[in-house]
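Each remark here refers to the structure printed beneath this line.
The values are calculated or read from the model by the stated rules, or taken from the named source; none is laboratory data. Only a predicted model underlies this, so the values are computations on that prediction, with no experimental measurement involved. Here the Cβ positions follow ideal geometry from the backbone for every residue, glycine too, while neighbour counts run over all protein chains shown.
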Amino acid sequence: MRQKMVDMVHRIQDEIWEALRAIDGVDYRQDEWVRGKRRRWAQQSLLGGRFSKKGGVNVNFWVYGTLSPQAAASMGGGHELQGKDLDFFATGVSLVLHPHNPMAPTVHANYRYFERGEGKKPGSWWFGGGADLTPSYLFEEDAIHFHRIHKDACDRHEVADYSKFKKWCDDYFFIKHRGERRGLGGIFFLDVNEFSEKSALLSLQTVQKSFLDSFSPDFGKKE
């Protein structure tokens with residue numbers, strides 16, 4: 001599963017940047033950091049495209065280490081972990097795109113995987129992620145399109161409960177001191193491990209592939 005997720009993260013980064021390159025007409029800057037034998041981070045960023053004022057797609061290809069007692073205790077069954085069960089692996093991709101046009105929304109998305117020990121015991125692995133839209137000016141058709149695409153993707157898998165994920169996103173981005181939610185919401189999910197790894201991975205792949213369709217480049221053409 002680790003290598004499958006690393007491959008998926010790499011593919012997501014490539015797909016998103018190919019789409020942005022076609023829209024913006026500029027290439028991106030890539031920075032990489034490597035620590036130890038396998039730890040690797042990479043960031044692709046752009047400035048001054050036709051559509052995007054600023055954007056970044058950050059990936060953690062292979063991150064690992066040992067959980068502290070405090071971190072382990074915060075997880076299910078963590079207080080019982082010892083030895084190699086405290087080792088962890090993580091990989092993921094996170095992106096934010098800010099358009100030039102204030103009539104177009106800012107968009108954010110991330111997809112990730114976490115594994116504890118060898119990932120064989122119940123609760124020792126989970127998937128997470130989501131996507132959300134934050135406009136400066138509201139266009140109802142954009143909100144409907146964004147949510148419809150993600151609902152259609154979620155409805156294809158029992159693992160992905162759109163109603164649950166949407167509420168999770170609404171609650172996650174609620175600004176308490178203002179009494180309001182940030183943006184138009186979207187979907188958000190964490191600790192997804194109720195089904196098999198294969199089922200969870202397939203649902204994550206479907207939801208992720210819907211992202212580019214949900215965030216249409218036509219948003220940037222608004223006057």
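Quick look at the values:
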item	result
Spans of helices (runs of 4 or more DSSP H) in the stretch 106-223 with at least 3 residues at pLDDT 90 or above and not β-branched (Val, Ile, Thr)	140-154, 162-172, 197-209
Set Phe146, Phe215, Phe195, Phe114: member being closer than 28 Å to Phe88 by Cα and in contact with a Phe, Trp or Tyr (Cβ under 9 Å, 6 or more places away or on another chain)	Phe114
Subset tally (residues that are of a type in the set (A, V, I, L, M, F, W, C) and farther than 19 Å from Asn193 by Cβ) for the stretch 133-168	8
Residue among Leu133, Leu184, Leu201 that is buried (at least 17 other Cβ atoms within 10 Å of the Cβ), in contact with a Gly (Cβ under 7 Å, 6 or more places away or on another chain) and touching a residue at least 60 places away in the same chain (Cβ under 8 Å)	Leu133
Matching residues in the stretch 152-181 - criterion: being among the basic types (Lys, Arg) and either in contact (Cβ under 8 Å) with a residue 40 or more places away in the chain or surrounded by fewer than 18 Cβ atoms within 10 Å (Cβ to Cβ) (or both)	Arg156, Lys164, Lys167, Lys176, Arg178, Arg181
Considering residues of the stretch 108-151 that are under 15 Å from the mean Cα position of the chain (by Cα) and among the hydroxyl-bearing types (Ser, Thr, Tyr) only, the residue nearest to Ser74 (Cα to Cα)	Tyr113
Residue tally, condition assigned to a helix (DSSP H, G or I) and either modelled with pLDDT of 85 or more or surrounded by 11 or more Cβ atoms within 10 Å (Cβ to Cβ) (or both), over the stretch 19-37	5
